[in-house]
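Below you'll find the structure, written out as structure tokens, and then a few comments.
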Amino acid sequence: MSADGNRLCAMSFVTELSERMPQRVHAPGTPEYEAGAHVFHGQGTPDAVVRPTSAAEVAEAVRSAVAAGVPITVVAGGHGSDPATGGLVIDLSGLAAIELADGGLVHIGPGAQWGDVAATLAPHGLGVTSGDTRDVGVGGLALGGGIGWLVRMHGLTVDILREVEFVTASGDVLTLDAEHHPDLFWAVRGGGGNFGIATRFTFQASPVDGLVGGHVMFDQSDQRAVLGAWRDVMRHGPDELNSTLLVMPQLMPEMPAGPQLLVALQGSEEELRRLLEPLLSLPSVTDVALGPVEYPDLLEDGPPDKPPFEMVGGNGFVPDLSDAALDAFMATLDHALPTMLLLRGLGGAFSRVATDATAVAQRDGEVLFAVNRLVPDGAGPEAFASAHDGVEAAMAFTNGRYSNFTPEFGDDIVTEIYPATTLERLRAIKREVDPDDVFRPSHHITP
Ligand SMILES: Cc1cc2nc3c(=O)[nH]c(=O)nc-3n(C[C@H](O)[C@H](O)[C@H](O)COP(=O)(O)OP(=O)(O)OC[C@H]3O[C@@H](n4cnc5c(N)ncnc54)[C@H](O)[C@@H]3O)c2cc1C
């Protein structure tokens, strides 16, 4: 069909949907459209935005779009997708309720943000193992894995998922749990938005009282020693000890370059200082700020929009953080582009989950590693090409990418995220529940 023909079809679809779902469908030029079409990576230009407030309304929108052959883009918190360039955006921000139920179970809408979840549960002394940034959406993070401050104590977000209310490509509303549609329940725990739309999650929350934490900063005089000491502290530390080690370039004059330890312990400050002693006694320490902390305050405000650079590099689960792996990670710092390293301690509860229990299979991961070269917006193709230098040598120590930390999108990227057997099982489930490939999320698994 011609571009004009496509536009007319889209217009008549939007008119029909608006009649069927008055108040919910938003056309270009309205504030609801602008908000729903906007994601972290920029402003989209879909034909319309629908903002449903129930699973039944999500189902209605799906059925209508499928019948009209209009592509669907699902947006929850908007931190993990490219802006939509056409079709219908299903904006889940109207499904953001957070309700505490019996037994520490909590029902959460996919459009809620993790900062709101933490703030709502904290007065009850509870939290949900998730990410470390307040404005990241529940939907995308929960379907992709979910690695945050409680990962060694309570595992991934998908590990404490007990039930999902779910809309399929045919517009059916299902309840997924260990007994009902167990294959689909397995697939949505790590397989992303490939199978339908999650309209409500039920998680098992955990106590988050008695936390101490903060940061320790180091200068650049012996970064390799910091990495080695951090590895040993985390390798022998208890599950209650969680941390991320960043190696930062100088991004702003007031922010010196070098390693930064972000750490939390469910325990006493004395115990935390004892566990961190090998790091605290290094001569390169420049600043120590440790003390009691509330779980919501551990979460950070992310940047409101994408910063003015592309992050090019790689990430992966590291089964053995050997000296050779640390040397290879350090070697990536030797580059003209500003380079940032991230090492997030895993193990503990994360590793006690069986490889095939969820679609996040790399449970032998001792850490999650990421290297990012910061390529300024507008840089030429040579800068982008050079940003990959040395990354492959570092990735040789990893055994698969973490979906939620993989900004590259498309059909091929999934082979770098899922081991072959996991991907085969995901594809088989996709063929069963979405044979016509209605749902094509950022990390697209073809049927
Ligand atoms: C600043 C920043 C900090 C981050 N920190 C962390 C962190 O600490 N830990 C971590 O694990 N990850 C982290 N991430 C990664 C984050 O988990 C992913 O980007 C995630 O996809 C974001 O979810 P979202 O709902 O905000 O994004 P969206 O862009 O709305 O969704 C991402 C993908 O999931 C699909 N999707 C979302 N909701 C649904 C649903 N209900 N049903 C079906 N499909 C759905 C979308 O279609 C899209 O393809 C961070 C990302 C950023 C940008």
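Worth pointing out:
- Share, in percent, of DSSP beta bridges within the range 35-171 that are antiparallel, nearest 5: 45 percent
- Using a Förster distance of 25 Å, the FRET efficiency for Arg274-His215 (Cβ separation, nearest 0.05): 0.90
- For the range 3-93, the extents of the C-alpha atoms along the principal axes are 32, 29, 22 Å, listed from largest to smallest.
- Most positive-pole-ward Cα, His180, Pro207, Gly190, against dipole of the chain from beta carbon charges: His180
- Out of every Cα-Cα pair that the chain contains, those further apart than 31 angstrom amount to 42 percent.
- Cβ-based net charge around Ala336, under 14 Å, with every Lys or Arg adding one and every Asp or Glu removing one: -2
- Estimated inter-spin distance, Ala357 and Asp102, nm [label 7 Å along Cα→Cβ]: 2.5 nm
- Environment charge at His388 (Cβ cut-off 13 Å; Lys +1, Arg +1, Asp -1, Glu -1): -4
- Whole-number percent relative contact order across the range 1-153, with pairs defined as alpha carbons under 8 Å at least 6 apart: 18 percent
- For the range 356-425, carbon and sulfur atoms together expose 55% of the accessible surface, with a 1.4 angstrom probe and every protein chain in place.
- Environment charge of Gly267, counting only residues whose C-beta is closer than 13 Å and scoring Lys/Arg +1, Asp/Glu -1: -3
- Normalised contact order of the chain, rounded percent, pairs of Cα under 8 Å and 6 or more residues apart: 15 percent
- Per-residue SASA entry for Lys306, accessible area with 1.4 Å probe, Å² rounded to 10: 50 Å²
- Counting only protein heavy atoms and using a 1.4 Å probe, the accessible area of Met255 comes to about 50 Å².
- Placing unit charges on the Cβ atoms of the charged side chains and taking the dipole of the chain about its Cα centre, the candidate lying farthest along the positive direction among Ser284, Pro52, Ala385 is Pro52.
- Around the Cα centre of the chain, unit charges on the Cβ atoms of Lys, Arg, Asp and Glu (plus for the first two, minus for the last two) sum to a dipole of about 460 debye.
- Residue-normalised accessible area of the chain, given per residue in Å² at a 1.4 Å probe: 41 Å²
- In the range 3-93, a dipole from Cβ-located charges (positive for Lys and Arg, negative for Asp and Glu) runs towards its positive end, and of Met11, Thr73, Phe40 it is Thr73 whose Cα lies farthest in that direction.
- Our helix-only sum for the chain, with -39,500 (n - 2.57) per DSSP H run of n ≥ 4 divided by its residues, gives a mean residue ellipticity at 222 nm of -8000 deg cm²/dmol.
- With viscosity 1.567 mPa s and temperature 4 °C, the Kirkwood radius over alpha carbon pairs of the range 104-210 converts through Stokes-Einstein to a diffusion coefficient of 95 µm²/s.
- Pairwise Cα inverse-distance average, inverted: Kirkwood Rh of the range 211-405 (Å): 17.6 Å
- As a calculated quantity, the FRET efficiency between Gln43 and Met311 at R0 = 25 Å, using C-beta atoms, amounts to about 0.80.
- Shown are Asp132, Asp91, whose ranking by accessible area with a 1.4 Å probe and every protein chain present, most to least, is Asp132, Asp91.
- In sequence order, the range 65-73 has phi-based couplings of 5, 5, 4, 8, x, 8, x, 10, 10 Hz under the Karplus curve 6.51 cos²θ - 1.76 cosθ + 1.60, θ = phi - 60°, and Gly or Pro positions carry x.
- Cα gyration tensor, the range 59-118 - rounded (a/c under 1.5), prolate or oblate: oblate
- Expressed to the nearest 5 percent, the antiparallel share of DSSP beta bridges inside the range 17-101 is 35 percent.
- Residue range of the chain that is longest and free of GluC sites (Glu not before Pro) which are both DSSP loop and sparsely packed (at most 16 other C-beta within 10 Å): 1-178
The values are calculated or read from the model by the stated rules, or taken from the named source; none is laboratory data. On a predicted model such as this, the values are computed, not experimentally measured, just so you know. Counting neighbours? That spans all protein chains shown, and the Cβs are built from the backbone with ideal geometry, glycine included. Surface accessibility is based on the protein's heavy atoms, side chains included, excluding ligands, DNA and RNA. Shrake-Rupley method; radii C 1.70, N 1.55, O 1.52, S 1.80 Å.
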